[in-house]
Each structure stands twice: as C-alpha cells, then as structure tokens.
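The values are calculated or read from the model by the stated rules, or taken from the named source; none is laboratory data. Computed from a predicted structure; not experimentally measured. Using ideal geometry, Cβ is built from the backbone for each residue, glycine included, and neighbour counts are taken over all protein chains shown. Only protein heavy atoms, including side chains, enter the accessible area calculation; ligands, DNA and RNA are left aside. Shrake-Rupley method; radii C 1.70, N 1.55, O 1.52, S 1.80 Å.
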Amino acid sequence: ENQMNFVTMNTGRVFANEAVADFIEVGYSVKSCKSLDPKYKDSQCLWRRTSTSVDTDVTKGGTEAVLVENVEEFKLRYFGKGKQDFNTQWNSGPNGEASTKDKYPELVEVNLTLVQPEGVSENLSKKKKYSMQIVVPVHFPNNKE
C-alpha cells in the first residue's frame, strides 16, 4: 500500500557506450529526508530506488533519490484479472495469493498528498495541501492468457 518494487524493461542508456542490462529494479517508498533548504524542517519524502543488478530480492540494493519532499500521504492500489476491485496489496512472487501469483496488475492507482512546509508562511491559519490521484495503466503486464 505504501511502497512498490518491481523489475522493468522500461530503461535506457544515459551514455552511448554505457554497459547496462535491458531491465532494472525500481522501487518507490516514503521515508524521512533532510530538506535541501535549511530554513525548512526535515519531512517525509517520496524516494525512487533503482538497481541495474536484478537479483532475487527486488526490494533491496541500488541507489535512491528523492523525488519530492513534504509528503503527507502516498498510497497505492492495484487492479488486475482475478480481482473484483482495487486492492492495497499485490504480490506476484511465489508467496503471493493464487489470484496474484505470477500475475501483474493492469492498473495502479496512485494517491499523493503534499503539505506546505513549515515556515513558508506563518500568516496562514492552516497548511495548504496539494493532492493528486491518478490511475496508471500497465501497458504490457506480460500476463499469461
């Protein structure tokens, strides 16, 4: 519900002579980070992790980068064949339930809410919030028919 880890072939070379695989591990999660601006407090941040070494644990390794600071909410829901509605959990691995094992979601709903950092404007009676909800199609889930 609050993190996603997967392997994708949606990658590219940064340099023409760079030796990279055709696939990478990718992960998204929320955890604390230091603000780049010293006048603001530390906050929760949305992180993206990538690893060009794909191994048996898709949740570890690689390098991380902050995508956005001041995250109040990051929630994911998944939809695919075998499920009647969006679900907060999806496990395609060997420990997944029968309806998701060896299958990948066809849609991922992303809910993201950011809050105005403390110290931006002391005159406001409450912090401003910015929310986004989007449903992202997985174009090639590679599921067996």
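Return the residue satisfying two criteria in turn: it lies in segment 12-36 and is touching a residue at least 24 places away in the same chain (Cβ under 8 Å) and either farther than 18 Å from G61 by Cα or polar (S, T, N, Q) (or both), and of such residues it is surrounded by the fewest Cβ atoms within 10 Å (Cβ to Cβ). If you could, list the steps in order and put the result at the bottom.
Let us first name the residues in segment 12-36 that are touching a residue at least 24 places away in the same chain (Cβ under 8 Å), namely 20-21, 23-30, 33, 35-36.
Of the ones still in play, those that are also either farther than 18 Å from G61 by Cα or polar (S, T, N, Q) (or both) are 29, 33, 35-36.
Values: S29: 16, C33: 18, S35: 17, L36: 8.
Going through the qualifying residues, I end up with L36.
Could you please let me know if T59 is closer than 30 Å to E18 by Cα, open to solvent by less than 80 Å² (accessible area, probe 1.4 Å), at pLDDT 90 or above and assigned to a loop (DSSP other than H, G, I, E, B)?
Numbers: closer than 30 Å to E18 by Cα: yes; open to solvent by less than 80 Å² (accessible area, probe 1.4 Å): yes; at pLDDT 90 or above: yes; assigned to a loop (DSSP other than H, G, I, E, B): yes.
Considered against the rule, which asks whether it is closer than 30 Å to E18 by Cα, open to solvent by less than 80 Å² (accessible area, probe 1.4 Å), at pLDDT 90 or above and assigned to a loop (DSSP other than H, G, I, E, B), T59 comes out as yes.
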Among residues of segment 42-56 being in a strand (DSSP E or B) and more than 30 Å from P94 (Cβ to Cβ), the residue least open to solvent (accessible area, probe 1.4 Å) is C45
Within segment 110-127, the residues that are out of contact with any strand residue (DSSP E or B) (no Cβ under 7 Å at 6 or more places or on another chain) and either at pLDDT 95 or above or surrounded by 11 or more Cβ atoms within 10 Å (Cβ to Cβ) (or both) are Q116, E118, G119, V120
Residue count, segment 4-41, condition in a loop (DSSP other than H, G, I, E, B) and among the β-branched types (V, I, T), comes to 3
### Message
When you check T63 against the structure, is it touching a residue at least 40 places away in the same chain (Cβ under 8 Å), touching a strand residue (DSSP E or B) at 6+ places or on another chain (Cβ under 8 Å) and among the β-branched types (V, I, T), yes or no?
### Response
no
